[in-house]
1. Of LYS70, LYS108, LYS48, which is the most mobile in a GNM of the chain whose springs link Cα atoms less than 10 angstrom apart?
2. Accessible area of THR137, 1.4 Å probe, to the nearest 10 Å²?
3. Quantify, in whole percent, the carbon and sulfur part of the accessible surface of the chain (1.4 Å probe; protein heavy atoms only).
4. Any lysines with Cα under 25 Å of the LYS110 Cα? List them, leaving off those in the same chain fewer than 8 positions away.
5. Roughly how tilted is helix 41-121, in degrees to the nearest 10 and between 0 and 90, from the longest Cα axis of the chain?
6. Taking only protein heavy atoms and a 1.4 Å probe, what accessible area per residue, in Å², does the chain have with all protein chains in place?
7. With Rg and Dmax of the Cα atoms in Å in mind, check [x] 22.0, 80; [y] 53.6, 159; [z] 25.8, 85 and report the label derived from this structure.
8. I'd like the orientation of helix 124-144 relative to the chain: the angle between its Cα long axis and the longest Cα principal axis, in ° from 0 to 90, rounded to 10.
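The values are calculated or read from the model by the stated rules, or taken from the named source; none is laboratory data. All of these numbers come straight from a predicted model, not from anything done at the bench. For the accessible areas, the whole protein counts, side chains as well, though only heavy atoms, and no ligand, DNA or RNA atoms are used. Shrake-Rupley method; radii C 1.70, N 1.55, O 1.52, S 1.80 Å.
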Amino acid sequence: MTQPPHDEPTANSPEELREQVEHTRQELGRTVEALAAKADVKARAQEKATEVRQQAGAKAAVARDQAAAKAAEAKVQASAKAAVVKEQATVKAAEVKEQAVVKAGELKVKAAEVAARVEERLPQPVKEKAALAAGETARLWQEKAPEPIRTTAAQGVRLTRDRRGLLLGLTGVAALTWLVVRRRRA
């Protein structure tokens, strides 16, 4: 409550005095209400708790949004990396396949060369005996072997014929190995 300074005049009439008193009462009422509000610890605590709860909810929402954005970004990055790795694997597989084809061709040529050299070195009587033995074996096979076994063998022969280069290569390598071993023993 404020008092008028001493140099200010006080109310001149009873009506003015009543107005000043009424005005002072209103100010006093507002002051009492403000003090009562400050003194009400429970209400202030509830207000503060509500405020903190709202702030925490807002922060949680922001954190959720940020986490969702980061997860989406990580998913996109992982997907992009997987695509790059897949592409690299495809390229590498194609390179390895191409190298394998080249090596197989080289081995086929070498095997054919070795087989030709071995055939050149075989004496004519050995070649003739091998041809006669093959003919006799074929005749006996036709006479003695049961039909299911002949069918299976025919499939094996077709498969061997289809892969003649590989078979010649392996035969050449075996013959070359045999010649090397024979020379070392001699």
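1. Sorting by GNM fluctuation, first place goes to LYS48.
2. 90 Å²
3. After summing per-atom areas, the C and S share lands at 61 percent.
4. LYS97, LYS127
5. Roughly 10 degrees between the two axes.
6. Here the residues of the chain average 88 Å² of exposed surface.
7. [y]
8. 80 degrees
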